[in-house]
Amino acid sequence: MKDKGNQKHLTLSDRINIEKGLNNSDSFAEISRCIQKDPTTVSKEVRRNVRIKEHKGYGNIPCEANRDKHNPCGIMHVCGDQECTRICRLCHKFRCSDICKAYQPQQCAKLLKAPYVCNGCGKKVSCMMEKRIYSSKYADDRYRELLVSSREGINQTPESIQRMNDILTPLIKNGQSIAHIYATHADELKCSRRTTYAYIDAGVFDVRNIDLRRKVKYKKRKKPTETGSKDRKYRIDHNYEDFRLWIERHPDAGIVEMDCVEGNKKGKKALLTFTFRRTTLMLIFLLESQTRNEVHRVFDWLEEQMGTKAFRKLFEVILTDGGAEFSDREYLEASTIQGQRTTVFYCDPYSFWQKGCCEKNHEYIRYVRAKGKTFDDLTQEKADLLANHINSTKRDSLNGLSPFKLSQLLLDEKLLSVMNYHEIMPDDVMLTPELLK
């Protein structure tokens, strides 16, 4: 009998091994033996999570009309210039893909068969055709989003919802509790109490939370929060769904995830972190207090040191949570000189996975300073030391490179210079509490 593997979901480690195998031009069978899965699982994973990258350079993108080298396209005057004597495909003034209605991008025949992607192709750099790439990080992000979205919504038919509504609405309006109703109608409702509460909260039935006596009885807050419900206007058009739509329109944008790492309740200081998704490089700033003014100070300092132009390029879009210290969006986005310096979006409440890159980086901070410990004894110099050791740690997700090394290739070198960051030798990297002692 054929071994079907362990029948569990693929992990990020499995996907990294798949990407490495594809980069090495290994077959699906070889990759499947490495991760102990069936070859069809690898095949489905790769085809399901292909990421298309269009050619961004100059010149014409190959057209299907030019596939036959002995009888190439001879169309002329597509641009409207009747005096032009050049064939349109040889013109350097316009691209066929921009002006020709008959243009059809040429598809690589190799992509019609395994491995269906360009990862291990030797012509990947110079090829002008549309590229299909498998990225382990992109695939894992899609998997986790699907894991959540597949469980959203209402798993009921309209008839069953109406039947539940007919039972619940009159009884609740008579003052009966959910516990009381379930004591006599559990078999008819055919779902758990928690699900019923969720349906009522979502407005599925004719009754609302206000009709539930205990649901609307909350204790008065002992300490008012810095940002109340009246201040939530800053999130309008800047929620996570708006972020996803923005990224679809700007697929090559550099995304920076921002967050605060808190110490214990007795301490005042906190760490403000910026994580560049493309390289996982993390900037760490020590805040004297977890307030808006301290975050404003860091933004203004960065723009002053980097220059507005470089700041806009590096911090094109920032994704953060709804913490009170980040609620002054207009100030964070506005340049101290003129115009806009960045665009800020906010994750959904209790959805830390939406900025998982910085959350993963925070694990390295906790290796050195455990949760529940104070940051009051730290200085910015120690925060820089911590950042240097974390950014010098080589990662499997970066194919064995460190965030520092990758940032030297992909980010503005001025950033590392301004932050006074330097690479720690591999054998000298320390991620234990002794680092800051």
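Just a few scattered comments:
- Answer residue from the range 359-381, given it is more than 22 Å from the chain's Cα centre (by Cα) and aliphatic (A, V, I, L, M) and is most open to solvent (accessible area, probe 1.4 Å) among those: Ala370
- Scanning the range 382-410 for residues being in contact (Cβ under 8 Å) with a residue 60 or more places away in the chain, open to solvent by less than 30 Å² (accessible area, probe 1.4 Å) and not in a helix (DSSP H, G or I) gives a total of 1.
- Taking the criterion of being open to solvent by less than 60 Å² (accessible area, probe 1.4 Å), in contact (Cβ under 8 Å) with a residue 12 or more places away in the chain and within 24 Å of the chain's Cα centre (by Cα), the residues of the range 119-168 that qualify are Asn119, Glu130, Lys131, Ile133, Tyr134, Ser135, Ser136, Ala139, Asp140, Tyr143, Val148.
Yes or no, residue by residue, for (1) in contact with a strand residue (DSSP E or B) (Cβ under 7 Å, 6 or more places away or on another chain); (2) at pLDDT 90 or above; (3) of a type in the set (S, T, N, Q):
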{"position": "His296", "(1), (2), (3)": "no, yes, no"}
{"position": "Phe315", "(1), (2), (3)": "yes, yes, no"}
{"position": "Thr320", "(1), (2), (3)": "yes, yes, yes"}
{"position": "Ser327", "(1), (2), (3)": "no, yes, yes"}
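- Any chance Thr279 is in contact with a Leu (Cβ under 8 Å, 6 or more places away or on another chain), among the hydroxyl-bearing types (Ser, Thr, Tyr) and modelled with pLDDT of 95 or more: no
- Which numbered condition Gly203 misses (of (1) surrounded by 15 or more Cβ atoms within 10 Å (Cβ to Cβ); (2) at positive phi): (1)
- In this structure, Leu171 does not qualify as out of contact with any Asp or Glu (no Cβ under 6 Å at 6 or more places or on another chain), open to solvent by 50 Å² or more (accessible area, probe 1.4 Å) and hydrophobic (A, V, I, L, M, F, W, C).
- Residue count, the range 413-422 (criterion: in contact (Cβ under 8 Å) with a residue 12 or more places away in the chain and surrounded by fewer than 16 Cβ atoms within 10 Å (Cβ to Cβ)): 3
- The set of residues from the range 384-404 being under 30 Å from Ala253 (Cβ atoms) and touching a Leu at 6+ places or on another chain (Cβ under 8 Å) comprises Leu386, Ala387, His389, Ile390, Asn391, Thr393, Lys394, Arg395, Ser397, Leu398, Pro403, Phe404.
- Condition broken by His238, with the remaining ones in (1) of a type outside the set (A, V, I, L, M, F, W, C); (2) part of a loop (DSSP other than H, G, I, E, B); (3) under 26 Å from Asp412 (Cα atoms) satisfied: (3)
- The range 311-329, residues that are in a helix (DSSP H, G or I) and surrounded by fewer than 17 Cβ atoms within 10 Å (Cβ to Cβ): Lys313, Ala324
Let's see how each residue does on (1) modelled with pLDDT under 90; (2) of a type in the set (S, T, N, Q); (3) under 28 Å from Leu286 (Cα atoms):
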| position | (1), (2), (3) |
| --- | --- |
| Lys220 | yes, no, no |
| Arg232 | yes, no, yes |
| Leu245 | no, no, no |
| Glu248 | no, no, no |
| Asp252 | yes, no, no |
| Ile255 | no, no, yes |
| Glu262 | no, no, yes |
| Gly267 | yes, no, yes |
| Leu271 | no, no, yes |
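- Every residue from the range 423-437 that is open to solvent by less than 70 Å² (accessible area, probe 1.4 Å) and either in a loop (DSSP other than H, G, I, E, B) or under 23 Å from Arg15 (Cβ atoms) (or both): Glu423, Ile424, Val429, Leu431, Thr432
- Some residue of the range 24-37 being at pLDDT 90 or above, out of contact with any helix residue (DSSP H, G or I) (no Cβ under 6 Å at 6 or more places or on another chain), of a type in the set (Asp, Glu) and open to solvent by 40 Å² or more (accessible area, probe 1.4 Å): yes
- Flag for Leu378 being more than 21 Å from Phe285 (Cβ to Cβ), touching a residue at least 60 places away in the same chain (Cβ under 8 Å) and among the aliphatic types (A, V, I, L, M): no
- Looking across the range 336-348 at every residue that is part of a loop (DSSP other than H, G, I, E, B) and either open to solvent by 20 Å² or more (accessible area, probe 1.4 Å) or hydrophobic (A, V, I, L, M, F, W, C) (or both), the one that is farthest from Phe299 (Cα to Cα) is identified as Asp348.
- Selection count where residues are of a type in the set (Ser, Thr, Tyr) and within 24 Å of His422 (Cα to Cα), scope the range 338-388: 3
- Subset of the range 252-295 [among the hydroxyl-bearing types (Ser, Thr, Tyr) and open to solvent by 20 Å² or more (accessible area, probe 1.4 Å)]: Ser289, Thr291
The values are calculated or read from the model by the stated rules, or taken from the named source; none is laboratory data. Only a predicted model underlies this, so the values are computations on that prediction, with no experimental measurement involved. Counting neighbours? That spans all protein chains shown, and the Cβs are built from the backbone with ideal geometry, glycine included. Accessible surface is based on the protein model in full, side chains and every heavy atom, while ligands, DNA and RNA are left aside. Shrake-Rupley method; radii C 1.70, N 1.55, O 1.52, S 1.80 Å.
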